[in-house]
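Notes to accompany the following structure.
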Amino acid sequence: MLGKFFRKPEPEQSGRVPPGQRLSKGFPVLTYGQIPQINTGDWAFRVWGLATAKTFSLSDFMAMPQHDFTADFHCVTRWSKLDVKWTGIRVTDLMSQLEVDPKATHVMEHCYGDYTTNIALEDLVREENFFAHTLFGEPLATEHGGPLRLVVPHLYAWKSAKWINGLEFLDHEELGFWERNGYHHRGEPWAQERYSF
Ligand SMILES: Nc1nc2c(c(=O)[nH]1)N[C@H]1C(S)=C(S)[C@@H](COP(=O)(O)O)O[C@H]1N2
Ligand SMILES: [Mo]
């Protein structure tokens, strides 16, 4: 049966859809709790912990090299969306402006609204990861994380923090919101790293 919102991948797409996932027709919004109120004039992104503390404004991000990205998006609640088109800034371009202590191995992603999610430093600094401010050619809507969100295509989308406002560099793993509540610490969709138990 054809669902209204979800469908089975076509055979030619099946190599791109991780096990246990269905394709979503639209782009569902998945948020725990309230959408935070953000005044873009006050918007600030902070770096702290095992990195020299630094604050970036939205215009600092807009002054970094801008790129278009096409990435697949996999939510652990079993929907995926292929070929999502974004515009934004490579994580590696932000990293080149930071002084990170060589002892740093893990990072906590912080957001407006207090959502957190943890990520290993090596998973964060991959070339394909980016901060997005534009989705399908339109300014990133608030419910999808505007003005700026992180996108980490190779992990389940709960690692792609919406309304991101900081990175805390650590020399050990700490757990973010969903990870403390039973989600897998890493969340690799091809290995179905959904839960930590
Ligand atoms: N700040 C914040 N970021 C978040 C979430 C959230 O609740 N708060 N949900 C995560 C989850 S579970 C998913 S699937 C994606 C959903 O992104 P979307 O709402 O743009 O589809 O955002 C992730 N980032
Ligand atoms: Mo999700």
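The residue list Ala120, Ala44, Ala51, Ala104 contains one member that is under 28 Å from Leu175 (Cα atoms), small (Gly, Ala, Ser), in contact with a helix residue (DSSP H, G or I) (Cβ under 8 Å, 6 or more places away or on another chain) and more than 16 Å from ligand 2 (Cβ to nearest atom), which is Ala104. In segment 105-128, of all residues being more than 14 Å from ligand 1 (Cβ to nearest atom) and buried (at least 16 other Cβ atoms within 10 Å of the Cβ), the one that is farthest from the chain's Cα centre (by Cα) corresponds to His106.
For the subset of segment 138-197 comprising residues that are among the acidic types (Asp, Glu) and over 20 Å from Thr92 (Cα atoms), which member is farthest from ligand 1 (Cβ to nearest atom)?
At the first step, the residues of segment 138-197 found to be among the acidic types (Asp, Glu) are 138, 143, 168, 171, 173-174, 179, 188, 193.
Okay, now just the ones that are also over 20 Å from Thr92 (Cα atoms), so 138, 143, 173-174, 179, 188, 193.
On the way: Glu138: 13, Glu143: 6, Glu173: 19, Glu174: 17, Glu179: 12, Glu188: 15, Glu193: 14 Å.
Here the residue is Glu173.
Determine whether Pro19 is loosely packed, with under 14 Cβ neighbours inside 10 Å and within 21 Å of Trp178 (Cβ to Cβ). When the stated conditions are applied, Pro19 passes them.
Can you tell me which of Leu150, Leu175 is without any contact (Cβ under 8 Å) to a residue 60 or more places away in the chain, among the hydrophobic types (A, V, I, L, M, F, W, C) and buried (at least 20 other Cβ atoms within 10 Å of the Cβ)? Full working, then the answer.
Details: Leu175 fails: buried (at least 20 other Cβ atoms within 10 Å of the Cβ).
Going through Leu150, Leu175 in turn, just one is without any contact (Cβ under 8 Å) to a residue 60 or more places away in the chain, among the hydrophobic types (A, V, I, L, M, F, W, C) and buried (at least 20 other Cβ atoms within 10 Å of the Cβ): Leu150.
Within segment 92-109, the only residue that satisfies the criterion of being in contact with a Lys or Arg (Cβ under 8 Å, 6 or more places away or on another chain) and closer than 15 Å to Ser160 by Cα is Glu109.
Filter the strands (runs of 3 or more DSSP E) completely within segment 72-140 down to those with at least 3 residues that are hydrophobic (A, V, I, L, M, F, W, C). Show your work before the answer.
Details: elements: 79-90, 106-111, 116-120, 130-135.
The strands (runs of 3 or more DSSP E) meeting that bar are 79-90, 106-111, 130-135.
Listed here are the residues, each with its yes/no results for (1) touching a residue at least 12 places away in the same chain (Cβ under 8 Å); (2) under 16 Å from Lys159 (Cβ atoms); (3) among the hydrophobic types (A, V, I, L, M, F, W, C).
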residue	(1), (2), (3)
Glu12	no, no, no
Pro28	yes, no, no
Thr40	yes, no, no
His74	yes, yes, no
Ser80	yes, yes, no
Trp86	yes, yes, yes
Ile89	yes, no, yes
Cys111	yes, yes, yes
Thr117	yes, yes, no
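Would you mention how many residues in segment 65-104 are among the charged types (D, E, K, R), within 15 Å of the chain's Cα centre (by Cα) and either within 16 Å of ligand 1 (Cβ to nearest atom) or closer than 18 Å to Phe27 by Cα (or both)? Walk me through how you get there before you give the answer.
Our first condition is that a residue be among the charged types (D, E, K, R); within segment 65-104, this holds for 68, 72, 78, 81, 83, 85, 90, 93, 99, 101, 103.
From what's left, within 15 Å of the chain's Cα centre (by Cα): 72, 81, 85, 90.
After this cut, where a residue has to be either within 16 Å of ligand 1 (Cβ to nearest atom) or closer than 18 Å to Phe27 by Cα (or both) as well, the list is 72, 81, 85.
The qualifying residues number 3.
Each reported figure results from applying straightforward, stated rules to the coordinates on display, with no laboratory input. It should be emphasised that the depicted structure is a prediction, and the values quoted were computed from it without experimental measurement. Cβ coordinates were reconstructed from backbone atoms using ideal geometry, including for glycine residues, and neighbour counts include every protein chain displayed.
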